[in-house]
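Single-structure report; data block below.
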Amino acid sequence: MPEWWVERGIGETRAALVEGGRIVESLVELDGGFRAGERVAARLGSIGQNGRNAIARTTEGREILLPSRPTGVSEGSALTVEITREAIPGHEPWKRPIGRTVDGSASSVPPLEARLGGRLLPFPPSPGDPLGEAGWSDLLAEAASGLVDFAGGRLRLFLTPAMTLIDVDGVLPPDELASAGAAAAGQAIRRLGIAGSIGIDLPTTRGKAARAAAAEELDRALRGTQFERTGVNGFGFVHLIRPRRRPSLLELYGEPVAAEARALLRRAGTAGFGPARLAAHPRVVALLGENLGWLEQLAVQRGGAVTLRPDEMLAISAGHVEPA
């Protein structure tokens, strides 16, 4: 039976749906952000334009986008806002949290393991590393590179302002590649937590039967999840819509320095005990230096002091743990 495993790390909480020892779904919640379903106290900061895209602001000055302007409410009025989509990392300011006004007072949401009905894993893990053994590092590598290999082919994943695009390519005959690629794309969508608008570009097949077979493989891979899709058209393109409540792992890597810093902290937490030095690209080191609380948590977990060593010869993703 599939089971959700939840791991509270440093800077983030990780969750993976594990079936047969393999991750089939995942999500990550960043510390300090609003949670989908959370209700927060705010005031209407801007009424937007033409009844759309109003802005609510909390007392700390954090902004929440309200796609529909609350009726009968003037600027400065108090509101309770329910978060319907968490913030999406990256450089687009309109990817703020999205919310809607509701009655009642502010309220938090239960811990992730309670919401998922999952099992909370100890961290640092001891003995072993269950989440790592299920493929967490491989999952992050797919998110960072946008490349997902499958037997006979490869997926290339691209983030665009409009949607996530998945291109299927490989060495199999077109009809076989379309079915195998559709199955792999559906699995990657679940595994990387991709939601919203999704386009999949399959190979052009010889007829309707092959397109129908590819669509069946896609449906099978996404069975048990919420989605709507079009048919596979004559050019091999299919469009999916999935409910979007939080960023995908791909979107978290829209801020690669922060994503790799958190990944390095997890590696350090699973790499033994005692003092340690984290060697990383200067941008990663700078971000860690700005978040001394993260390093203090890591020092407690390891039972020894943690220092940093910038190395401009290292790639952003090549940070590692050294003996202190």
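The values are calculated or read from the model by the stated rules, or taken from the named source; none is laboratory data. As the structure is a computational prediction, the values presented were derived from the model and not from experiment. Cβ coordinates were reconstructed from backbone atoms using ideal geometry, including for glycine residues, and neighbour counts include every protein chain displayed.
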Please specify each residue of segment 123-137 satisfying the condition of being under 16 Å from ALA268 (Cβ atoms) and part of a loop (DSSP other than H, G, I, E, B). PHE123, PRO124, PRO125, SER126, ASP129
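In segment 225-234, is there at least one residue being buried (at least 19 other Cβ atoms within 10 Å of the Cβ), farther than 22 Å from LEU249 by Cα and hydroxyl-bearing (Ser, Thr, Tyr)?
Looking through segment 225-234, none of the residues is buried (at least 19 other Cβ atoms within 10 Å of the Cβ), farther than 22 Å from LEU249 by Cα and hydroxyl-bearing (Ser, Thr, Tyr).
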Could you give me the residue pairs with C-beta distances under 9 Å whose first residue belongs to segment 36-60 and is at pLDDT below 90 and of a type in the set (A, V, I, L, M), whose second residue is exposed (fewer than 15 other Cβ atoms within 10 Å of the Cβ) and part of a loop (DSSP other than H, G, I, E, B) wherever it lies, and which are 6+ apart or on separate chains? ILE47/SER74; ILE47/GLU75
Give segment 188-220 a look and list any residue that's at positive phi and crowded, with 23+ Cβ neighbours inside 10 Å, or say none. GLY193
Tell me, which residue of segment 273-304 that is outside any helix (DSSP H, G or I) and surrounded by 14 or more Cβ atoms within 10 Å (Cβ to Cβ) is nearest to the chain's Cα centre (by Cα)? ASN291
Hey, among GLY272, GLY234, which residue is closer than 24 Å to LEU140 by Cβ and not assigned by TED's automatic domain parsing to the domain that holds GLU86? GLY272
Number of positions in segment 164-209 that are in a loop (DSSP other than H, G, I, E, B) and more than 21 Å from the chain's Cα centre (by Cα): 9
